[in-house]
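Every number in this text was worked out from the coordinates using simple rules, so none of it is lab data. In this text, all values refer to a predicted model and were calculated from it rather than measured experimentally. Heads up, the Cβs are rebuilt from the backbone with ideal geometry, glycines too, and the neighbour counts pull from every protein chain shown.
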Amino acid sequence: MAYIEKFYTAEQYFADRFDRVGRRLELKAETAEEFSAWKKELRKALWEVAGMNTMISCEPNPQRLESKEMEGYRRDKYLIETEPGICMPFYVLIPGDYREGEKRPAIVAPHGHESHGKSAVVGETFGNPSLAATIEQHNYAYGVQLVKEGFLVFCPDARGFWERREKYYQADSSLLSQSCEYLNDMAMTLGQSVTGMWIWDLMRLVDYIQTREDVDVERIGCAGLSGGGLQSLWLSALDDRIKCSVISGYFYGYKQSILLNMCCSCNYVRGLYELADMGDIGALILPRPVLIETGTLDDLNGPDGLANVYPQVEKLRKAAAITDAKENVYHDVFVGPHRWNGVQAVPWLKKHLLG
């Protein structure tokens, strides 16, 4: 093997470009009127760079595929169409004390990357040791935690995961495999992105949720870990129907944590860093309540750790101050690694959606 004395890489070039091109639509507003105008402009730009302007609406055509009694709740499985020919399976968790005619608050609970899709959020291991270990390690069954608090919980498969894996990944015996990277490679060449597809699908799920007689449509929240935090962030930022949010394990400066870190390509959206940093996207949620969960030992925080997180959270606080909603931002910094904490998050959701 030939000896290489020096590698000539482009990493520093992109680090410098990140600083040079700037986030041209970062939060600079000082008044409520400026904030409202900024919010409209950034939302439109994010919609376009994610490729959501290229996606096609259709009737959801919901089908209930199965219903199973669990310990303290019922788990129904549904299928809806989010674009022509694009189907999304999801679980609906229904509290055991639900009574006919009630309208309950609902939570959209998207999954993260190492998760086997919706299975982890509902604590379904299929007897697989790897999946059981990741559910335990990441405290992943937050869907079950939330249904036992009285919420209706909607747990979908994102495109590329479990029942939505593409053909080259369907035969993989690993329950933790996914095809989101392959999807993003295809999407980028056609003006789309996996992030855009995920958020589009969640918006169509919210459309369906609003048709259900058991849901209080004025009390719909969203909560997710890791890649589920990504989905919760973007969905809440772009859809005002989400009234309260929890973003866990996915809130930090893009440069350290995504651009210069080895992440799956599903995290990357064409031209995003020229527009905004993560805190700017989060600021779009305000004045609605948002809680951020950050583990002190989470490697995804970046080399600077919490110092790469706090400036992004401060953007939320600035937006909250502008909109007279200072009480609607909470940062739960807990001692621990990359995982769902829930200690403050679950009471937060109960306070704002059940209370």
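Structure above, values below:
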| quantity | calculated |
| --- | --- |
| From Ser193, Ser232, residue being in contact (Cβ under 8 Å) with a residue 24 or more places away in the chain, out of contact with any strand residue (DSSP E or B) (no Cβ under 6 Å at 6 or more places or on another chain) and among the polar types (S, T, N, Q) | Ser193 |
| Verdict on Val144 being surrounded by fewer than 24 Cβ atoms within 10 Å (Cβ to Cβ), under 16 Å from Gly228 (Cα atoms), hydrophobic (A, V, I, L, M, F, W, C) and touching a residue at least 60 places away in the same chain (Cβ under 8 Å) | yes |
| Of residues in region 232-266 being part of a helix (DSSP H, G or I), within 23 Å of Phe154 (Cα to Cα) and of a type in the set (S, T, N, Q), the one farthest from the chain's Cα centre (by Cα) | Ser236 |
| Neighbours by Cβ (under 7 Å, 6+ apart or cross-chain): first from region 31-49, surrounded by 19 or more Cβ atoms within 10 Å (Cβ to Cβ); second among the small types (Gly, Ala, Ser) and part of a helix (DSSP H, G or I) | Phe35/Ala319 |
| Arg99 being under 27 Å from Cys244 (Cβ atoms), charged (D, E, K, R), in contact with a strand residue (DSSP E or B) (Cβ under 8 Å, 6 or more places away or on another chain) and not in a helix (DSSP H, G or I) | no |
| Checking Arg270 against (1) touching a helix residue (DSSP H, G or I) at 6+ places or on another chain (Cβ under 7 Å); (2) of a type outside the set (A, V, I, L, M); (3) crowded, with 19+ Cβ neighbours inside 10 Å, the condition it does not meet | (3) |
| Qualifying positions in region 189-231 - under 17 Å from Leu152 (Cβ atoms) and either under 11 Å from the mean Cα position of the chain (by Cα) or hydrophobic (A, V, I, L, M, F, W, C) (or both) | Leu202, Leu205, Val206, Ile209, Val215, Val217, Ile220, Cys222, Ala223, Gly224 |
